[in-house]
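Peer 1: This is the structure I want to talk about, given as structure tokens.
Here, each number is a calculation from the coordinates, and none is a lab measurement. This is a predicted model, so every value here is computed, not measured. Reconstructed Cβ throughout: ideal geometry from the backbone, glycine too, with neighbour counts over all protein chains shown.
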Amino acid sequence: MKIAILGGTGSIGEGFALRWAAKHEILVCSREIDKAVNAAGEYTGMLLNKGVVCCGITGCNNEAAIEDSDVVVLSVPYQGVISLLKKLAPFFKNQIVISLVVPMKKNKLFEYTPPKQGSAALEIQEILSKSVKVVSAYHNVSAKKLANLELALDYDVVVCGDDNEAKKTVMELTREIKSLRPLDGGGLASSYMIESLTPFLINLAIRNGLSDLGVKFV
Ligand SMILES: NC(=O)c1ccc[n+]([C@@H]2O[C@H](COP(=O)([O-])OP(=O)(O)OC[C@H]3O[C@@H](n4cnc5c(N)ncnc54)[C@H](OP(=O)(O)O)[C@@H]3O)[C@@H](O)[C@H]2O)c1
């Protein structure tokens, strides 16, 4: 598959590019083409150093990458993603869009701040046309751990979405990342529950002197 990672130059975008590049063609996207090309070169070099043969990591601008992809990962902070998508909406057709976006703010601790639609995922689906299949996943996965290819991520990933085929594809992509277990979390309307876990996990880590907490259901 061709996977475009919007915000692929950032913290968690890097991990997805590194983890999926062995099996998929990766388009690292940015608002600035030079930044995208540099990041793509850096990720390719990191994989070569580890002896991983990849299907190709290319730096692209957001518009070209969306038009050319099967799956688009939204790896952009909530504060920027809504205005970005309003601009980019005409370039989407029927792609699967993975939202890992968590609307939150920091006061003393972190707080979930959903939009009026109820979650970032529902707001994003409202902006994009109905033919675009938004799937919500990976909100509770640590960027640092994802980018460390030596690490098996012993986490569960709850996947929410209204299109069963799209949800199945995202669950397959999840299984390709060492030790991640995808769990069907129901429709997109359930996304708020899993989005809101992220600030809770960060607060839990702060209070207990831990870091990079994830979720495992046993
Ligand atoms: N970090 C984590 O551990 C983690 C875990 C789970 C979920 N998430 C979610 O994943 C998303 C990305 O998180 P991150 O930590 O990777 O973010 P980040 O590193 O701060 O930003 C990622 C990329 O987003 C683009 N960006 C930043 N601000 C923007 C704006 N105002 N408008 C448009 N584009 C902007 C930038 O790309 P360009 O400048 O190249 O365009 C940047 O490299 C967030 O929604 C977050 O809630 C993060």
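Peer 1: Hydropathy first: keep DSSP H helices in the chain averaging at least -1.0 on Kyte-Doolittle, then drop any whose Cα extent along the axis falls short of 30 Å, and list what survives.
Peer 2: none
Peer 1: Placing +1 on the Cβ of each Lys and Arg and -1 on the Cβ of each Asp and Glu in the range 2-208, which of MET104, TRP20, SER30 has its Cα farthest towards the positive end of the resulting dipole?
Peer 2: Checking the options against the dipole of the range 2-208, the answer is MET104.
Peer 1: Also, I was wondering about something else. Calculate, for LYS105 and ILE33, the FRET efficiency according to 1/(1 + (r/R0)^6) with r their C-beta to C-beta distance and R0 25 Å; round to the nearest 0.05.
Peer 2: 0.20
Peer 1: If you don't mind, there's one more thing I want to ask. Give the residue from LEU88, ALA120, VAL53 lying farthest towards the positive end of the charge dipole for the range 31-130; charges sit on Cβ (+1 for Lys and Arg, -1 for Asp and Glu) and the dipole is referred to the Cα centre.
Peer 2: Farthest towards the positive end: ALA120.
Peer 1: When the helices in the chain are scored as -39500 (n - 2.57) per DSSP H run of 4 or longer and the sum is shared across all residues, what 222 nm value do you end up with, to the nearest 500 deg cm²/dmol?
Peer 2: It lands at -11500 deg cm²/dmol.
Peer 1: In whole Å, how far is the Cα centre of the range 143-218 from that of the range 4-42?
Peer 2: 20 Å
Peer 1: Now for a different question. Roughly what % of Cα-Cα distances in the range 2-208 sit above 25 Å, to the whole percent?
Peer 2: Across the range 2-208, Cα pairs with separations above 25 Å total 33 percent.
Peer 1: Go through 80-87, 68-75, 40-47, 133-140 and give me the packing order, highest mean Cβ count within 10 Å leading.
Peer 2: Averaged packing, sorted descending, gives the order 133-140, 68-75, 40-47, 80-87.
Peer 1: OK, next. Can you compute the charge dipole magnitude of the chain about its Cα centre, using +1 on each Lys and Arg Cβ and -1 on each Asp and Glu Cβ, nothing else charged? Give it in debye, rounded to the nearest 20. Walk me through the numbers before you get to the answer.
Peer 2: Working: 24 positive and 23 negative charges, 95 e Å.
Using Cβ point charges on Lys, Arg, Asp and Glu, the chain gives about 460 debye.
Peer 1: Hey, another quick one. How much length would be gained if the chain were fully extended between ASN49 and ALA64, taking 0.36 nm per residue of separation minus their Cα-Cα distance, in nm to one decimal?
Peer 2: Full-extension gain reported as 2.5 nm.
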